[in-house]
Ligand SMILES: [Zn+2]
Ligand SMILES: [Zn+2]
């Protein structure tokens, strides 16, 4: 064992699905975890009630051994959704035209696909986010986003 082991990039997917605990090639299981995904105002509220918003954060995607659950590789996927919301400034009552508090409720699920067609099409792993930006004035707007990373873009944990 050397302490200065050079950091090696995982070669083309091939080794990611080899589980050190099962000591064989195994099916992969994807799991995603949401890390600090939140919404912020990007601009002031316009006269028409429209305000730019940006949703940002990170989703951690983990590829696990489908047989024993050992974590084999991980990738950090960015969330960045630029959107807008139309506030109810006319009916906002005491909220008025000042600062409105935005909040995000979101659901992140595992998503995978293949890039192109054919036997050797690379497998892509990622997330699908659906949610709603809502405001204290009652305004609501749906958001969604999907991102993928190739297995070869994941960092091996073993
Ligand atoms: Zn295993
Ligand atoms: Zn509002």
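The values are calculated or read from the model by the stated rules, or taken from the named source; none is laboratory data. Small disclaimer: the values here were computed from a predicted structure and weren't measured. Cβ coordinates were reconstructed from backbone atoms using ideal geometry, including for glycine residues, and neighbour counts include every protein chain displayed.
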Checklist entry - Listed residues 50, 79, 91, 95; which is over 27 Å from residue 20 (Cβ atoms), at pLDDT 95 or above and more than 16 Å from ligand 1 (Cβ to nearest atom)? => result 79
Checklist outcome for this item: Filtering region 105-121 down to residues that are more than 10 Å from residue 148 (Cβ to Cβ) and in a loop (DSSP other than H, G, I, E, B) yields 116, 117, 118, 119, 120, 121
Item to check | region 133-155: number of residues that are in contact with a helix residue (DSSP H, G or I) (Cβ under 9 Å, 6 or more places away or on another chain) and assigned to a strand (DSSP E or B) | outcome: 1
Checklist entry - Any idea which of (1) assigned to a strand (DSSP E or B); (2) farther than 25 Å from residue 158 by Cβ is the one residue 43 doesn't satisfy? => result (1)
